[in-house]
1. Quick check: is even one residue across segment 666-676 over 27 Å from Asp609 (Cβ atoms), modelled with pLDDT of 95 or more and not in a loop (DSSP other than H, G, I, E, B)?
2. How many residues, within segment 173-185, are more than 18 Å from Phe203 (Cβ to Cβ) and touching an Asp or Glu at 6+ places or on another chain (Cβ under 8 Å)?
3. Could you check segment 9-41 and list, in sequence order, the residues that are closer than 21 Å to Trp208 by Cβ and over 33 Å from the mean Cα position of the chain (by Cα)?
4. State which residue is surrounded by the most Cβ atoms within 10 Å (Cβ to Cβ) when the search covers only segment 328-344 and only residues that are in contact (Cβ under 8 Å) with a residue 12 or more places away in the chain and over 18 Å from the mean Cα position of the chain (by Cα).
5. If you scan segment 628-684, which residues turn out to be buried (at least 17 other Cβ atoms within 10 Å of the Cβ), farther than 21 Å from Ile574 by Cβ and of a type in the set (Lys, Arg)?
6. So, of the residues in segment 434-475 that are in contact (Cβ under 8 Å) with a residue 24 or more places away in the chain and of a type in the set (Asp, Glu), which turns out to be surrounded by the most Cβ atoms within 10 Å (Cβ to Cβ)?
7. When segment 135-182 is examined, which residues are found to be crowded, with 20+ Cβ neighbours inside 10 Å and at positive phi?
Amino acid sequence: MSDVRKTLLEYQFPESVIDAVTSNGIKKFYPPQAQAIKHGALDGKSLLLAIPTAAGKTFVAELCMIKSIIQNGGRCLYIAPLKALASEKFNDFQKKYEPLGIHVGIATGDLDSPSKSLNRYQILIATAEKVDALLRSRAKWLIDNLSVVVLDEIHFINDESRGPTLEILTARIKQLNPNVQLLALSATVKNASEMAQWLKAEFVESTWRPVPLREGVYFNEEIVFDGFGRKAIHEDEFPDDLTKLTLDTLRGKGQVLVFVNSRRSAQASALLLASPVSELLKPSEKELLKELSQQVVKGSGEATKICRKLSNVLEHGVAFHHAGLRPEQRKIIEDAFRQNLVRVICSTPTLAAGVNLPAQRTILRDTKRYESGLGAAYIPVSEYKQCAGRAGRPGYDDFGEAVIIAKTFAESRLLFERYIEAAPEPVISKLGSESALRIHILASIAAGHVHDINEMFEFISHTFLAHQKLTGNLIELISKIFDFLEKHGLIEKSGFRYFATAFGQCVSRLYIDPITGIMLHQGLAKAHRTGGYSATGLLHLVACCPDAERLASITKSDYEQLEGFMSSCGDEFIVTAQDFPDLEDFFFQLRVLKTTLLWSQWIDETKEDDLCDRFNVGPGDIHRHVESAQWILYAASVIAELFKFKRLTFATDDLKRRIQYGIREELLDLVLLKGVGRIRARNLFSKGFKKLSDLRLAPLDDIASVPQIGKALAKDILNQIQNFKVKSQK
């Protein structure tokens, strides 16, 4: 392994920078890092690094960015696939590089914000969607001045929802700034060399890991490893295999990540392990965990059953982790696991694709999960490899173990061949679908990148889709989409060139599917003409849109409730199957109805716990559904303003705030106060403080006596009201 200090001095890095990057004990480059430098990483060459987790991909990218900034005054863009990963990198980079005078920024927020202040950062960390949105706002400055672009987790091109945006964005960057250094990072994928060819990048591949990985299958109290022999598990007092494997790890001072196939299984597994894991904890650790468990309940607004279940298992050093939890709860779990306070996390495999949480042993309990239309289906090899890649904690473990649990001897052989001895599936472009192309064709026209069908086809020829020769009848599909966008007034033709209309520009900047824009426009126009609309009718319109986060499952028990809802509120719905053929699909109608009902009950101030029970969702799901409705209602208010539907502009804006806080209309004034959400606003209202003006002259003690307010918040409320008054006078 080559010497870091010596190499960086050769590349004329200042001593202060070398001290900073080696301050955490890095002295030698890992073999894959040395290989990357040998292939020209620090000479400005584009690279695709296909290297296992924790083998130092990010460090290579950091050095390339720092060299560009310090020696050439460059600006760098780090594109992460998920908000959680972007936040993780931002915190890490800011701590390391701000002291060197390198300004680090993050952009993962509102997708239509032009945010020109982002131009002042030398390293900008962003999601692909945010960068795409900036380009739609014609923020060409973002790409023109770039020297280095890092594409983290480039294999996300394979993702149905995020892949097309990442692929289009990568092709656009290459087109607008062909001299930029591209650094694509990925764990090992089957066709990484094909991706490198598409990027015109040097290909660096390695299977080396700082902590060697042992992969094996467990059956009948024994793990059979691939090339590392066998290991007997002696935990006779416990009957189940999961507990045996978990305690075997913990007795060796390790931590465990358990991957199961559903949220319910994650919660059940955590409960199963709580008591035996607790027996291995010190009294001081139990005290800290008790504080942590109380934090989960107190810091979560309304304490739901899921919150209380999480709190109960956390006391024992165990947690469950899935999308049904709120983001702040997931962060508490992740931080506690990094501190070795939480010893075991039981999770759905989504955790493996998210933040970096290594454990000594990962256990894959379930290799099948329910897929709609397929029943119980095997998970992809790539998903197993993601889970297995989390095994081994650098600086703590001599090796990591990834173990699959088998139920029979025959299954143990099958799982060995299917997962441990198999290569992950190849990355396949997902850009060829009509919905993905529709979104990105409008964006390309609106941003002025293309003006006709031939230019669009020429641009598509630079994508991974074209590189994989998956174009087929693409020219016909592109022509069809141009006709569709023109028919619905999103683009117009002048001579032989196409331009986005004001409506098309608006839809593109709002970062919504053109069909969502069309549905909102037609629905709002109908409501404007008739003058009749309600909150329920507007929510139903939003739930019909392609961009809406709709509830997926419909059970027999839902039918009666949904039939009653349709009977009582159906007359308020703005759009029908006559307006949009998709609504003729019965299952789609039921999902739309159920989602509308959820949102309606949320703004009627139904308790979160009751919503979780009624709709079989978690607090995190409610949070996600609320964000989705908020965004589409914001889009609706912008479209209403564009078409001068004045009353609907105000109505959709008010409804957006009601959805944000989960409140009835009468609380809209009170939630303008910071620190006042749905519960505190209702408490204030119940005590007679119905408007801000009611609070202005109220005695401090009267406000402080309101449940969940207290003196500190009461003082802050009075200060805020005074500031509102001063601003209005100005």
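1. Within segment 666-676 (the criterion being over 27 Å from Asp609 (Cβ atoms), modelled with pLDDT of 95 or more and not in a loop (DSSP other than H, G, I, E, B)), the answer is no, since none of the residues qualifies.
2. Final tally of qualifying residues: 2.
3. Matches in segment 9-41: Lys27, Lys28, Lys38.
4. Selected residue: Val344.
5. Arg678, Arg680, Arg682
6. Among those residues, the one meeting the criterion is Asp452.
7. Answer for segment 135-182, where residues must be crowded, with 20+ Cβ neighbours inside 10 Å and at positive phi: just Glu153.
For every residue, the table says whether it meets (1) in contact with an Asp or Glu (Cβ under 7 Å, 6 or more places away or on another chain); (2) part of a loop (DSSP other than H, G, I, E, B); (3) assigned by TED's automatic domain parsing to the domain that holds Gly25.
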residue	(1), (2), (3)
Leu351	no, no, no
Val355	yes, yes, no
Tyr370	no, no, no
Ala377	yes, no, no
Cys387	no, no, no
Asp398	no, yes, no
Val403	no, no, no
Ser412	no, no, no
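The values are calculated or read from the model by the stated rules, or taken from the named source; none is laboratory data. In this text, all values refer to a predicted model and were calculated from it rather than measured experimentally. Glycine also receives a Cβ, built like all others from the backbone with ideal geometry; neighbour counts cover every protein chain displayed.
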